[in-house]
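The values are calculated or read from the model by the stated rules, or taken from the named source; none is laboratory data. As the structure is a computational prediction, the values presented were derived from the model and not from experiment. Don't worry about glycine lacking a Cβ; one is built from the backbone with ideal geometry, like all the others, and counts go over all protein chains shown.
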Amino acid sequence: MVPTKLDHCVIHVSEWQRSNRFYTEVMGAELITRPAGGFAYRFGDKQLNVHGPGVQPAEVARLPVQPGNSDLCFEWDGPIAEAIAHLEKQGIAVERGPMRRNGAKGDGTSVYFRDPDGSLMEFMSYV
């Protein structure tokens, strides 16, 4: 076994204020102000580094991520019905689900929705 685990990945947003609100209030992230400008969204010991207006990344992928072309799944710690109620309370439409899916912990139940730029988001419950 190679001693690795996921540390962070990168998304791109087109507007800071609405994305910061979405990722903190809807997704539960801790908002981190980055020294070089912009923000990151931290979830425990994992982080989304964020490219956006005014941020010039030091290194970029061969094809840099664009606003709206990410696809991210987050584990919901509880029944999927609670995730749906949370999204409804936040005014976020569920696009698909609930439906059975397979994730990092095996079989679960998921709902799909979008961030403000159109990136696909998923809450998965293993309960």
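Filtering A81, A58 for residues that are surrounded by 11 or more Cβ atoms within 10 Å (Cβ to Cβ), of a type in the set (A, V, I, L, M) and not in a strand (DSSP E or B) leaves a single hit, A81. Residues of the stretch 13-37 that are modelled with pLDDT under 95 and touching a strand residue (DSSP E or B) at 6+ places or on another chain (Cβ under 6 Å): R34 alone. What about Y23, is it under 10 Å from the mean Cα position of the chain (by Cα), within 21 Å of Y112 (Cα to Cα), hydroxyl-bearing (S, T, Y) and not in a helix (DSSP H, G or I)? Judged against the criteria, Y23 is not a match.
Within the stretch 62-99, work out how many residues are closer than 18 Å to S14 by Cα and touching a residue at least 24 places away in the same chain (Cβ under 8 Å). Total satisfying the criteria: 9. Residue-level check: of (1) more than 19 Å from Y41 (Cβ to Cβ); (2) under 17 Å from the mean Cα position of the chain (by Cα); (3) part of a loop (DSSP other than H, G, I, E, B), V111 misses just (3).
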